[in-house]
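Any read-out appearing in this document is the output of simple, stated calculations on the displayed coordinates, not a laboratory observation. All values derive from a computational prediction rather than experimental measurement. Every residue, glycine as well, gets a Cβ built from its backbone with ideal geometry; the counts of neighbours run over all protein chains shown.
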Amino acid sequence: MPNNAVNPEPSRFDKLSVAEGMSVLFCANNIRKTRHSTNPKARTLGWFSRNCVDDCDGISGSNRCDAFASLICPYNRKRNQELVPVQKNSTIIDAEWSTIHLNRVSVMSEFKGKVVIITGSSMGIGKTVARQLLEAGASVVINGRNQERLDATALQFRSQGFDPLPIAADVSNVDDARLLAQRTLDHFGRIDILINNAGVSMEGELDDLNPDVFRKVIDVNLLGSVNATQGVLPAIRKSGGSVLFISSVAGLSGLPGFSAYSCSKMALTALAQSLRTELHGEGVHVGIAYVGFTQNDPDKQIHNAQGELIPQPARDFASAQPVDVVAQRIIQMVERRQFKRVFSPLGKLAAITNWWSPPLLSWFIRHMYARYELAKTFQTGIAGAIENAELRIAR
């Protein structure tokens, strides 16, 4: 495609599937066509266009839908590094469309030498963010409550040629959070970025929920972010750095069965908004990321209504995003100093529906929750049947 081309020729659209055509529509380059349209549906789709560049990040070549969006977005064309063939039914679509740039953003110069604290980074999203920042040349402090797991993560990173600083601390405890900040300053002499990622999850309806579970979730997810931020804020002010809060789609609208979790994540929005206003004009970036359903570590656990740790239940009602992609988008928020970003299509749908028609969003959540409860009942029934069969065999 010629360097001065912005949009493909109209005839090229004939070669796209419906899904690929939708990617073209969502492209940031087509905002003008949707935002000023007289068609309400087109204007609604235009809301997604602002996030097209974000959604093209970290895409694999096999996903043609996102690949086409990445190709058409001129912003991504400048940042892409690798070329891969785009195929449709095992044939090259067009000579000029035969290769696209994947958005594998090089952030080495942006983060090299920066000191980053990531709370809750011994596993999951936090661990992946830590790895990607280490690859980008940052000095990373990994944190968690479990000393054994934290040491194992640090050992894994060192075997890959990196040298993170592991600091075991429970950020829900004020003294531990201050210790985390002080030990980082003692070791590196500065703090540039704080990513408030530490969190716990729960499941259970409010009527059955042990009050200690609610308190635990608030202490870690909300007060843990408050404590960690207060500990590093003087150093962040000096460096003109960033404070990023990791929220969730559960922070956009209350989810049934996850009341404590939704409360804690929704409160982070108010915290981020307040802090952003308080720091206005001081050169400090404050951001909040609304992460969608993400592929979890196999050993991830949550609290049930009684406070017991149980394996993370399967979420078959929604597709999970790859953790590497989620981590890359978190890093890009810091790089671009974005305030707010909703990661998943489901989260964006919830956000716009809540603004456009709250009753419709309530109906949708009830529908999804009914499906979720039905799936749980089915799984429980199968497990019970297997257990009863095993007992009969044993007899």
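A few remarks follow.
- The phi-based Karplus calculation (6.51 cos²θ - 1.76 cosθ + 1.60; θ = phi - 60°) puts the 3J(HN,Hα) values of the stretch 149-163 at 5, 5, 5, 5, 5, 4, 5, 4, 5, 5, 5, 9, x, 9, 9 Hz, whole numbers, x for Gly and Pro.
- Listed residue (283, 210, 242) projecting farthest to the positive dipole end of the stretch 206-344, Cβ model: 283
- Phi-derived couplings, Karplus 6.51 cos²θ - 1.76 cosθ + 1.60 at θ = phi - 60°, listed residue by residue for the stretch 177-193: 5, 5, 5, 4, 5, 5, 5, 5, 5, 5, 7, 10, x, 6, 9, 9, 9 Hz, with x used for Gly and Pro.
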